[in-house]
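We did not get these values from a lab; they are worked out from the coordinates using the rules stated. Given the structure is predicted, the values throughout are model-derived calculations rather than measurements. Cβ sites come from the backbone with ideal geometry, for glycine too, and all protein chains shown count toward neighbours.
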Amino acid sequence: MPRVCFELKVRPDRIEEYIERQANVWPEMRDALRNAGWTNYSLFLQNDGTLVGYVEVDDFERALKAMSTQEVNTLWQSEMAEYFVGIKSAPDENLHPLREIFHLD
């Protein structure tokens, strides 16, 4: 299964609130992600607000497109946008995969 990693920046003054929101992702949002093919999806956060996401998905662009048609995603992205630095649109429109340069297996 292809792996995708991406990075965003959480506003330092909103880190604790962001962590709380992620601990309470709506069940409908979780279901939408699974139905769109997102598997083994994880987020990692550094103290400076650097957020690293990891997901295994057959086709990342297709999975993003599938999510873009979901009302729950539109609502979630709208609410989450205020937590990020340097984006001018929905957070999921700013997920640019990092190039994988090593994998042990």
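Brief remarks follow.
- A run of the chain free of exposed loop cleavage sites, with trypsin sites (Lys or Arg not before Pro) counted only in DSSP states other than H, G, I, E and B and at most 14 other beta carbons within 10 Å, reaches its longest extent at 1-87.
- Backbone N atoms of segment 70-84 closer than 16 Å to the 7 Å Cα→Cβ label point of Glu28 belong to residues 70-80.
- Annotation note: GluC sites (Glu not before Pro) in segment 1-103 located in DSSP loop regions with a Cβ neighbour count of at most 14 within 10 Å are Glu100.
- GNM flexibility winner over the chain from Leu45, Leu75, Leu33 (Cα, springs under 10 Å): Leu75
- Over the residues of the chain, the helix contribution to mean residue ellipticity at 222 nm works out to -10000 deg cm²/dmol, using -39500 (n - 2.57) for each DSSP H run of at least 4.
- Computed log₁₀ I(q)/I(0) - Debye formula, equal Cα scatterers, no solvent, the chain, q 0.13, 0.18 Å⁻¹: -0.47, -0.92
- Alpha carbon centroid spacing (whole Å) that separates segment 74-97 from segment 12-44: 13
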